[in-house]
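Read through the structure below, which is laid out as structure tokens, and then see the notes.
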Ligand code: SF4
Ligand code: FES
């Protein structure tokens, strides 16, 4: 069947303003939206710019707006949309457009780095690995599934009004280390999050949870940080 794609185009080096370019693509209902973009690029217009790599929901490269909804282009099929085979494809909101569907994710990764996304331990290194009990592993497991696609942060209404807000993805990563029983920075991590640009920026809107392509209960995980702070664990 024939599908029509209106794709956001913008090259800051050449264009004064953005536009939508229309393409007609032959597609099957089970084709991914990424397949259609590839077909456009490979068969019609090699100048179309977008990110993608694994094509299987693993690398997190191809988050974009498809018919008004943030999603991974490799996870959405043509048949998932009841729009008479008409598609509007746009870049992630919030971030600056570098070209077409590619946005500048440097601020996203800076915030990720700001939460110190690594285990900090004290004392002698063990002979083998640092063991984590299975209960604690299961507790933080949802956060381990994050592929840093930025869909949640781009969707979050707070991120849109407060550029300084860490955003759900960075806070989810913070949860992963705050709650890891092997980490020794817990108090310091909690204190750093105890402000309006940190965990209290989250107003429990649930949009991050709804949009997450990995099914991570992001809002619930962020709630665990709030709970620890309310209990006073950061001020012990
Ligand atoms: Fe993407 Fe989900 Fe991770 Fe957010 S929490 S960056 S939506 S995988
Ligand atoms: Fe890797 Fe979609 S291309 S997640």
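Since every read-out is calculated from the coordinates, none of them should be taken as a lab result. All figures in this text were calculated on a predicted structure; none of them were measured in a lab. Here the Cβ positions follow ideal geometry from the backbone for every residue, glycine too, while neighbour counts run over all protein chains shown.
Listed here are the residues, each with its yes/no results for (1) within 16 Å of ligand 2 (Cβ to nearest atom); (2) touching a helix residue (DSSP H, G or I) at 6+ places or on another chain (Cβ under 7 Å).
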residue: 62; (1), (2): yes, yes
residue: 77; (1), (2): yes, no
residue: 107; (1), (2): no, no
residue: 113; (1), (2): no, no
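Take the residues in region 108-130 that are free of Cβ contacts under 8 Å to residues at least 40 places away in the same chain and part of a loop (DSSP other than H, G, I, E, B), then tell me which one is farthest from residue 173 (Cα to Cα). Looking at the filtered set, the residue picked out is 127. Counting only residues that are free of Cβ contacts under 8 Å to residues at least 60 places away in the same chain and not in a loop (DSSP other than H, G, I, E, B), region 131-154 holds 10 of them. All conditions but one from (1) farther than 11 Å from residue 151 by Cβ; (2) surrounded by fewer than 22 Cβ atoms within 10 Å (Cβ to Cβ) apply to residue 75; the one that does not is (1).
Matching residues to (1) closer than 30 Å to residue 54 by Cα; (2) within 16 Å of ligand 2 (Cβ to nearest atom); (3) under 21 Å from the mean Cα position of the chain (by Cα):
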residue	(1), (2), (3)
170	yes, no, yes
177	yes, no, yes
187	no, no, no
199	no, no, yes
207	yes, no, yes
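Return yes or no: is residue 222 over 20 Å from the mean Cα position of the chain (by Cα) and in contact (Cβ under 8 Å) with a residue 12 or more places away in the chain? Spelling it out, it is not the case that residue 222 is over 20 Å from the mean Cα position of the chain (by Cα) and in contact (Cβ under 8 Å) with a residue 12 or more places away in the chain. The sole residue among 136, 85, 125 that is over 15 Å from the mean Cα position of the chain (by Cα) and loosely packed, with under 13 Cβ neighbours inside 10 Å is 125. Checking 62, 11, 35, 31 one by one, the residue that is in contact (Cβ under 8 Å) with a residue 12 or more places away in the chain, within 27 Å of the chain's Cα centre (by Cα) and farther than 23 Å from residue 98 by Cβ is 31 and no other.
Restricting the search to region 53-64, which residues are on the phi < 0 side of the Ramachandran plot and surrounded by fewer than 20 Cβ atoms within 10 Å (Cβ to Cβ)? Passing the criteria: 53, 54, 56, 58, 59. Residues that are more than 16 Å from ligand 1 (Cβ to nearest atom) number at least 2 in the following helices (runs of 4 or more DSSP H) confined to region 157-235: 186-193, 218-230.
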